[in-house]
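Every number here is computed from the coordinates shown, using simple stated rules; none is lab data. Keep in mind the model is a prediction, meaning the values are calculated, not measured. Here the Cβ positions follow ideal geometry from the backbone for every residue, glycine too, while neighbour counts run over all protein chains shown.
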Amino acid sequence: MNVVICLEGPVPGASTRAALTLAQTLGRGTTLIGLSATEAAGGEALQAAIGARCARAALVSDPVLQNGDYLSLATALAAAIRRLGADLVLMGTTGASEGTGAIPAAVARELGWAYLARGESVRVADGPDEALVEVRTSQRIATLRVPLPAVITVPSSAPPGRRRTRTNLTPPDIEILTLREIGIDPAELRRNDPLLGELQEWSGKPTSISSAQEMVAAIAARTPGGRG
Amino acid sequence: MANIAVYVDLHATRAAPDGDFPGPAAGAELPMVTGATHYALESAREIAHCLGATVYALVATGPLALPALEHLARVLGRAGADRVLVCSDPALSDLPIHATHGPVLSMVAQKISPRLFFFPAGAASAQLAAPLAAELQAMFFPGATVSATKDQFLLARARPDWNSRRVVDGLAVGRAMVVAMASGRPRASGATGTGPADAELEILSFPTIEGPVARTTSLPADPADDGGERAPVPWEEVHTMILAGDRHGAVGAAPPGVWVVADDGYRIPADVLCPTTLALVGSSVAWPPAVLPAADAAVLVCTPKKLPSRGSGITMTWKAEPEAALPAIVGALANDPRGRP
């Protein structure tokens, strides 16, 4: 079974690293493939995949991806996943840069695959067509049978699990895939609006407090309606 | 006229003997709307005033008798809904996931073409919101807070770096939006909300699902695993959750409304509902710590080795003894009513 781990570039975030860690707990019958999509080659993402004993590592690289929205990035990733021949895709629940968590669901939709978010552990079921996935809520830990192929996201809080020994002795080369090679016309992915909203940076410095009472007062005094 | 949809999260409870539930016998188990849903409906109502929109509340749940559905319609009407759409089917009885609940959302989206689709903070939002956004080719805005006037409404969310945020002028967005709300408490209680008293109830048929579907199964816990059933957390009663590593001192029973997660892994459930999540970050942790996207405020005790260069939503530095920090904060929250939103 081919398992693709989608890695955000250039530096994978906590939940992406958790997905990579979880992939290493899968059985010996699985082949791990690291996949990243970025506007430029390089970055730590695929190096992390290679370090985690992925048998293959692939990179979709095109400048048009720099200004794309989550839908265009998902289109590129889905095409690459089809090209790599995956049965299961693991991704971090949220990315380190924007933290929306939109891309995995969009990838699943592009592929027409099952989707499940926040899987804390994944096991391949007895048959080849199902995975057993644990999802934590405030009330319980539910175990679900998910039909394959599927896209499953992994939260940063997923427990590390037991890693399987992999005997890849030769680190793989990074395969560079162009959009045209995976069947996409770059012009179709050009977007004017990344669908993120206006970026506003906070100014000022952290507040220095000297007591817990000051902390409580500072929190109570913040703008009603939420963070910042 | 624009339409706004709000997904409704439910949890079951006993009816109060003297509650406003005409019809069902006292003590009968009735579904109750979560506080996070009330908060989402309140926000939707504010935006509806700005847009001149109709607010639809969507309930996707297991089998419910008609009196229970009528009760829901009354509650949701008072909470801000103009119309209530209910899809009740055994397939919707368990954990809301895209495989089972997604087709219902798709059906509703096709029916009413909402300009905004709100999800309250909770497990359903984590599973359902992003796939719906992808299907609708919509702007996806998670962790949102809303501010609305009669002429404008803004959505805002913090970015993971905690040094910036994204803001959207709702009137300027030329496509549908799927909004996953940050946790929050409604200003008005559910029973005395400002919505119209009677929401129109419409019952929808469960759509046909093709292909294999993910299903929940109970499996024996792996003896080597620490998973399994956990004692439920009373999230509806928690106003502050403190995420603390195990180096910040021990605390006995936390006061009412305060929940402490003393776990170096900062492992919190998907459906965090309380309004304030406070992270204690010690000197051994590099900035920014992975826990921050889940937190509303961070208290840096004995300051980490690398300080943030800019301020953020709420970041505080505090030169205190690590072992004394957590007990002091818990004590302050218990004694100071201003600490309760």
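Taking amide H as placed 1.01 Å from N in the peptide plane, A:Ala131 has its amide H under 5 Å from the amide H of A:Ala125, A:Val146, A:Leu148, each at least 5 places away in sequence or on another chain. Taken about its Cα centre, chain A carries a charge dipole of about 880 debye when Lys and Arg each add +1 at the Cβ and Asp and Glu each add -1 at the Cβ. Amide H contacts of A:Ala96: A:Gly13, each under 5 Å away and 5 or more positions distant or on a separate chain (H built 1.01 Å from N in the peptide plane; Pro and chain starts excluded). Phi-derived couplings, Karplus 6.51 cos²θ - 1.76 cosθ + 1.60 at θ = phi - 60°, listed residue by residue for segment B:90-103: x, 5, 9, 6, 9, 3, x, 10, 4, 4, 9, 8, x, x Hz, with x used for Gly and Pro.
Remark: mean inter-chain Cβ contacts per residue of B:123-133 equal 6, using a 10 Å Cβ-Cβ cutoff to other protein chain atoms. Per-residue ellipticity at 222 nm computed for chain A from its helices equals -6500 deg cm²/dmol, with DSSP H segments shorter than 4 residues left out and the rest contributing -39,500 (n - 2.57). Computed over neighbours whose Cβ is under 13 Å from that of B:Gln137, the net charge equals -1, Lys and Arg +1, Asp and Glu -1. Inter-chain neighbour count for A:105-116: the average number of beta-carbon atoms from partner chains within 10 Å of each residue's beta-carbon is 5.
Less than 5 angstrom separates the built amide H of A:Leu177 from those of A:Leu59, A:Val60, A:Ser61, all sequence-distant by 5 or more or on a different chain.
Summing charges over neighbours of B:Ala79, with a neighbour being any other residue whose Cβ is under 9 Å away from its Cβ, gives +1 when K and R count +1 and D and E count -1. Across chain A, C-alpha contacts under 8 Å between residues 6 or more apart give a mean separation that, scaled by the residue count, equals a relative contact order of 25 percent.
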